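Below: one structure, written as structure tokens.
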Amino acid sequence: MNAYRTVPYLPGEALLALYRHRGAVVDAGVGRHGFVYLLGAEANKFVFANADAFSWRETFESLIPVDGPTALIVSDGEDHRRRRSVVAPGLRHRQVQDYVHTMVSTIDAVIDTWRPGQRLDLYQEFRSAVRRSTAESLFGPRLAAHSDFLGEQLQPLLDLTHRPPQLMRLQRGLNSAGWRRAMAARHRIDDLVDTVIADARAQPGPDDHMLTMLIDTLSDNEIRDEIVSLITAGYETTSGALAWAAHALLTLPGAWETAAREVDRVLGGNPPTASDIGSLTYLNGIVQETLRLYSPGVISARRVMRDLVFDGHRIRSGRLLIFSAYVTHRLPEIWLAPKEFRPRRWDPAAPDYRKPAPHEFIPFSGGLHRCVGAVMATTEMTVMLARLVARTTLRLPAQRIRAANFAALSPKPGLTVEIAGSVPAQ
Ligand code: HEM
């Protein structure tokens, strides 16, 4: 029997109740300040098919202070197509395979510092590992050397985005202390990234990876925005998901042992290489099930730029449309026992296996702006979890954990674990 039920995210549960009681379309508020909730799988299909009706710049305006005005997530039309065509090749499956050794060495270096009996916040450990490994994999050691500085400077900016956009507008209008701190941090990040770009131009290195592609094609402002936004988009989401995956491994009866046995059988004590990852069926199931039940993006939004009709309802231009992975991933008409964490449901050899359609499983959204880092994220999760179960034994002390932050769902106040044992890397 599956005894593990997930930590509920209360606003997500409220949306689920809304869908059950009011159906797929729920109008809330009036005019430009109103929302329209479009909930369920058919609504997702409709949203992904009508990309030309939305503006990402208008929707995610509040991310501009963090990500910059030319980041992919706030780009529309031809600018988006051009910028994405430069970034996407460096995140394709074949390229991500080249990053596996960096992912392994980064998580190994973190595990090397752990000592038996120590208690630590595993979520924070994952945050710093993922930040460093993303910086190094995509932009080389020059930027990775400053990964901790980058994390410190990004924090006040990320804190801004964790609050409602109206609050951010107010802070900007008042030029509040929090706003000034965030802007000063963004300037320091820009200075660092400008130096890295100038160095890479003067002396291109073999490990510059995507940096070389960006330098060859984009303007300096664009390069800076793509670097900062790829790191921010990648590390909060992936490290939150990693923390929930570890929580599941430690809480679902037998899960840690099953994953450790599989890793030992497939890898025989060695770190994973790119070609091993597909064979880690159970661990891949843990990753997929985490992305289903702890989707980092609980909801997403689209600003509607022309009138639309869905399911007989008119959605007027100017309104904000909200759709939800949280709701979609918990619908009993799509998922058997939707609230249960069942890694085996993702195993193609399992009798109840069912491959979800793209609009039924949407942790990475869909359509034109689908997450460009999806392969990198799932690969990184599998690699880091494989090293965790192979090299450590962890205990989960009693603690109260809340799920927080609808843009990068994470455990609050963190995920405290105790190191029961750890073996050296081979
Ligand atoms: C588990 C980890 C991740 C999750 C769940 C996730 C989820 C998402 C989602 C839902 C979107 C679309 C937002 C929307 O349509 O409203 C998105 C966009 C994006 N993601 Fe991710 N992401 C993850 C990791 C990453 C990583 C590792 C990177 C890069 C290294 C990345 C880079 C981006 C970028 C650049 C966009 C904007 C794409 C565009 O607008 O064309 N993400 N992500």
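Annotations for the structure displayed:
- Carbon and sulfur %, accessible surface of the range 1-121 computed with the full protein complex present, 1.4 Å: 55 percent
- Set of lysines near Lys339 by C-alpha distance (under 20 Å), chain-local residues within fewer than 8 positions excluded: Lys355
- Residue-normalised accessible area of the chain, expressed per residue, 1.4 Å probe, Å²: 43 Å²
- Mean Cβ count within 10 Å, highest first, over the residues of peptides 276-288, 252-264: 276-288, 252-264
- For the chain, averaging the sequence separation of C-alpha pairs within contact (under 8 Å, six or more residues apart) and dividing by the residue count gives a relative contact order of 29 percent.
- Under 10 Å, Cβ to Cβ, from Ala53 - net charge with Lys/Arg +1 and Asp/Glu -1: +1
- Estimated vicinal HN-Hα couplings, Hz - the range 270-281 in sequence order (Karplus 6.51, -1.76, 1.60; Gly, Pro = x): 8, x, x, 10, 4, 6, 7, 4, x, 7, 8, 4
- Label-to-label distance, nm, for residues given as Lys412 and Ala274 (7 Å Cα→Cβ offset): 4.0 nm
- Label point distance in nm, Ala28-Asp112, each placed 7 Å from Cα along Cα→Cβ: 4.8 nm
- Extended-chain gain in nm, criterion 0.36 nm per residue less alpha-carbon gap, Ala357 and Asp220: 45.4 nm
- Selection from Ser410, Val304, Leu214, by position along the positive dipole direction of the chain (Cβ): Val304
- Protection proxy ranking for 370-380, 77-87, using the average of other Cβ atoms within 10 Å per residue and placing the highest first: 370-380, 77-87.
- Prolate/oblate/rounded call for the chain, Cα gyration tensor, a/c under 1.5 rounded: oblate
- Overall form of the range 98-213 per C-alpha gyration tensor (a/c, 1.5; a/b vs b/c): oblate
- Linear extension gain, Asp121 paired with Ala177, 0.36 nm per residue minus alpha-carbon span: 17.3 nm
- Annotation: peptides 389-396, 12-19, ranked by per-residue average of other Cβ atoms within 10 Å with the highest first, follow the order 389-396, 12-19.
The values are calculated or read from the model by the stated rules, or taken from the named source; none is laboratory data. These numbers come from a predicted model, not from an experiment. Quick reminder, even Gly has a Cβ in these numbers, built from the backbone with ideal geometry, and neighbours come from all protein chains shown. Ligands, DNA and RNA are excluded from the accessible area calculation, which covers all protein heavy atoms including side chains. Shrake-Rupley method; radii C 1.70, N 1.55, O 1.52, S 1.80 Å.
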